[in-house]
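Structure first, then comments.
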Amino acid sequence: MKVLVTGGAGFIGSNLVRLLLREGHDVVVLDSLASGYRSNLEGLPLAGLVVGDVRDASLLDRAIAGTEVVFHLAASVGNARSIDHPVVDATMNVLGTLNVLEAARKHGLRKIVFSSSAGIFGELKMLPIAEDHPVEPDSPYGATKLCAEKLCLAYSKLHGLEAVCLRYFNVFGIRQRFDAYGNVIPIFAQRLIHGQPITVYGDGEQTRDFINVSDVAAANLAAGANRGVSGAFNLGSGTAITINHLVALIQKVSGLSTPVAHGPLRKGDVRHSRADIGAMERALGWKPAAVFETALAEYMEWAKKAFVGPAL
Ligand code: UDP
């Protein structure tokens, strides 16, 4: 099938693009290259690369023409970033998604697969987290992702455009870079590679559900290929590890070790997080395949080459 991947030059997007190409699909990418990298797509036989962002409705209209499914990943990502830049977060994530939906409706696409986030839940009240967990986001990012989900599902009811929203838990993997709003695995990788101490916030006994990007790409493909299913699904590995255990594993698989300090708890951090992935399995026949330790070792091999240059 011919598909559009918005945000296809980003970390998750470029992994999805590779999988789609391997499976024989024609792939057009729309990416502003603001947080994505042209080099993430180097040498790939794309059907097209459109440089621009989803706030530009006419560009989107041209990029989506002739495609059957849109994988909508382009976004302003992260709780902290959204607190610093709430207007960018809202225009990109809400109005940008509306532009994608309008273009999809106009061109008669079959499906949208939207990248949502576990950030929609806010404070976690029960584990594992199923789809019917209360949604009370505590950041603009969580609120805009929730709003965008609801828009996708409203379009599926109104216009017959199938819509699957995938609520990502803690995604990690190859081509995930370190930045100012980075996630814990790239932060630890960057520090280990540059011989700097690691800081664990709090006692380190908090848990997260880390899902490898290969599994996220496979889930997107399963959602896009499926016919008839619309809805919002939680997407994690279904397992959780403590941050202390992560520190031990990342040191073991990388063969690198630096001192570990404990800092104060980060404001707004949830204590435990783990997805209930039963609905994904039942509705889309998807199951995670990656083994955490093996995927972490692969990531560290990649990071040792990619994180060259001075420490940020
Ligand atoms: N964390 C940490 N040290 C760091 C960065 C993060 O101990 O340098 C912890 C953080 O407190 C949280 C977990 O790692 O408990 C995951 O953080 P991340 O920001 O990656 O994801 P989120 O908290 O949004 O799930």
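Considering only 232, 248, 219, give the residue with the highest GNM mean-square fluctuation for the chain, with springs between Cα atoms whenever their separation is below 10 Å.
Sorting by GNM fluctuation, first place goes to 248.
Output the pairs from 125/267; 111/287; 2/106; 111/150; 111/157; 2/111 with a Cα-Cα distance over 19 Å in this structure; if there are none, say none. Write out the running numbers ahead of the final one.
On the way: 125/267 17 Å; 111/287 21 Å; 2/106 16 Å; 111/150 15 Å; 111/157 12 Å; 2/111 12 Å.
Cα-Cα > 19 Å for 111/287; rest within.
Please list, in chain and number order, the residues 5+ apart from residue 171 or on another chain whose amide H is under 5 Å from its amide H, with Hs placed from the backbone.
211
Specify which residue in the list 66, 77, 46 is farthest towards the positive end of the charge dipole of segment 26-78, using unit charges on the beta carbon of Lys, Arg (+1) and Asp, Glu (-1), about the Cα centre.
77
I need the shape label for segment 110-172. Rule: rounded when a/c is under 1.5, else prolate if a/b > b/c, else oblate, with a, b, c from the alpha carbon gyration tensor. All intermediate terms of the calculation are to be shown ahead of the outcome.
Working: a/c = 1.98, a/b = 1.84, b/c = 1.07.
Prolate, since a/c reaches 1.5 and a/b exceeds b/c.
Looking at the chain, what % of its DSSP beta bridges pair antiparallel, to the nearest 5? Display every interim value, and only then the final one.
Values: 2 of 40 bridges.
Antiparallel bridges: around 5 percent, rounded to the nearest 5.
What are the ³J(HN,Hα) couplings of segment 130-139, residue after residue, when phi is run through the Karplus curve with 6.51, -1.76, 1.60 and θ = phi - 60°? Round to Hz, x for glycine and proline.
Rounded to whole hertz, the list is 9, 4, 8, 4, x, 10, 9, x, 10, 9.
Once the piece of chain linking residue 196 and residue 225 is laid out straight, how much longer is it, given 0.36 nm per residue of separation minus the C-alpha distance between them?
On the way: separation 29, 0.36 × 29 = 10.44 nm, distance 4.42 nm.
Here the segment from residue 196 to residue 225 would lengthen by 6.0 nm.
Taking neighbour Cβ counts within 10 Å as the exposure measure, how do 302, 286 sort from fewest upward?
Working: 302 15, 286 21.
Sorted ascending by nearby Cβ count, the order is 302, 286.
Label-point separation (nm) for residue 88 and residue 22, each offset 7 Å from Cα along Cα-to-Cβ?
Each label point lies 7 Å from its Cα, and together they span 3.3 nm.
Between the helical axis of 184-193 and the dominant principal axis of the chain, each derived from Cα atoms, what acute angle in degrees is found, rounded to the nearest 10?
Roughly 50 degrees, rounded to the nearest 10.
What list of ³J(HN,Hα) values in whole Hz, one per residue of segment 286-301 in order, does the Karplus curve 6.51 cos²θ - 1.76 cosθ + 1.60 (θ = phi - 60°) give from phi, with Gly and Pro shown as x?
The phi angles translate into 9, 9, x, 10, 5, 9, 3, 5, 5, 5, 5, 5, 4, 4, 5, 4 Hz.
If I take all pairs of Cα atoms in the chain, what percentage of them are more than 28 Å from each other? Don't jump to the answer; show the numbers that get you there.
Values: 17459 of 48516 pairs.
Here the long-distance tail beyond 28 Å is 36 percent of all Cα pairs in the chain.
Which of the three applies to segment 90-139, rounded, prolate or oblate, going by the alpha-carbon gyration tensor with a ≥ b ≥ c and a/c under 1.5 meaning rounded?
oblate
For the chain, take the longest principal axis of its alpha carbons; what is the angle in degrees between that and the long axis of helix 11-22, to the nearest 10 within 0 to 90?
The two axes meet at around 60 degrees.
Angle check, please: helix 140-159 long axis (alpha carbons) against the longest principal axis of the chain (alpha carbons), in degrees 0 to 90, nearest 10.
Compared with the principal axis, the helix lies near 30 degrees.
Based on the Cα atoms of segment 8-149, what semi-axes does the equivalent ellipsoid have, where each is the square root of 5 times one gyration tensor eigenvalue, given in whole Å with the largest first?
27, 16, 16
Under unit Cβ charges (Lys, Arg +1; Asp, Glu -1), what dipole magnitude, rounded to 20 debye, does the chain have relative to its Cα centre?
Details: 30 positive and 29 negative charges, 69 e Å.
Dipole about the Cα centre, nearest 20: 340 debye.
Read-outs throughout are calculated quantities, based only on the coordinates presented, and are distinct from any laboratory measurement. In this text the structure is predicted, and so the values were computed from the model without any measurement. No Cβ is skipped: glycine too gets one built from the backbone with ideal geometry, and neighbour counts run over all protein chains shown.
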